[in-house]
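Comments concern the structure below.
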Amino acid sequence: MQTKPNKTNKKVLFVWLFGGIIGLSVLMFASWVIIEGSMEATSGAEFCGLCHTMTPMVKANAQSLHGGNTPYGAVAKCNDCHTTHDNLIDYVWDKTRFGAHDTWVYFMYDLDEIDWIEKRKHREDFVFDSGCMSCHHNLEKATMANPKAFVAHKPYFLGDTNSKCVTCHEHVGHDNLSYFISRAKN
């Protein structure tokens, strides 16, 4: 013979379900706040500059337009350029991968032996067009009004070139970087 659940059992079940839903919601919200805060705290020059090898890059960036040296004061953080912005998974993967690599290099290699000038030749591997376009999303439309800029950017927007933004704009984000690198070695 089947027994009917009594009202007390239903109330207990309801309290557990409701409490579980609330608890899970609070846990998810807290996790999001912690992850978002961590991602933000480790995205800019304040964090990246903690490593003394990044000092020349931070100084050069501070003098550039992307470092806030404009009438508007807009600042591109390190991860705005040095991680892909195609989607959240790729962004988190790049951030994790580059962070782990940089930490490994910091502890395992002689940092004074790194040839930063030579590494600049590989900038296309460490600066992502999706980062550029996340801020400069109106570039294609804006360059149409400027014939000189349109001619320069037309092959890029038509997909007729393998060039990346930093192929032509090689000093973007780090004006006078070679100067700051040479001063750091002295």
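Every number here is computed from the coordinates shown, using simple stated rules; none is lab data. These numbers come from a predicted model, not from an experiment. Glycine also receives a Cβ, built like all others from the backbone with ideal geometry; neighbour counts cover every protein chain displayed.
Kindly state, as a whole number, the per residue volume in cubic angstrom of the convex hull around the alpha carbon atoms of the stretch 18-66.
In the stretch 18-66, the Cα hull volume divided by residue count equals 63 Å³.
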- Message: Given bins 5 angstrom wide, list per bin the percent of all Cα-Cα distances in the stretch 60-127, short to long.
- Response: 4, 14, 17, 21, 22, 15, 6, 1, 0
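Over the alpha-carbon set of the chain, divide Rg by the Kirkwood Rh and report the Rg/Rh ratio to two decimals.
1.21
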- Answer in debye to the nearest 20: the dipole magnitude of the stretch 45-185 about its Cα centre, from +1 Lys/Arg and -1 Asp/Glu charges placed on Cβ, is 420
- Taking Rh as the Kirkwood radius computed over C-alpha pairs, what is the Stokes-Einstein D of the stretch 1-41 at 25 °C in a medium of viscosity 0.890 mPa s, expressed in µm² per second? 193
- Query: On full extension of the chain, what length is gained from residue 162 through residue 122, given 0.36 nm per residue of separation minus the C-alpha to C-alpha distance?
  - Reply: 12.9 nm
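Subtracting the Cα-Cα distance from 0.36 nm times the residue separation, let me have the gained length for residue 70 to residue 12 in nm, one decimal. If you can, show how the numbers build up before the last one.
Details: separation 58, 0.36 × 58 = 20.88 nm, distance 6.14 nm.
Gain in length upon complete extension: 14.7 nm.
Quick one: net charge around residue 44, please, counting Lys, Arg +1 and Asp, Glu -1 for every other residue with C-beta under 13 Å from its C-beta.
Working: positive: 77, 95; negative: 40, 46, 80.
Local net charge: -1.
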- Item | Proximal lysines relative to residue 154, as straight alpha-carbon distance under 21 Å, when same-chain residues fewer than 8 apart are discounted | 141, 164
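Under the rule that an exposed site lies in a DSSP loop and has at most 14 other Cβ atoms within 10 Å, name the longest stretch of the chain with no chymotrypsin sites (Phe, Trp or Tyr not before Pro) of that kind, not counting the sites themselves. Mind dumping the intermediate values first?
Details: sites that count: 72, 109, 126.
Within the chain, the longest run free of exposed chymotrypsin sites (Phe, Trp or Tyr not before Pro) spans 1-71.
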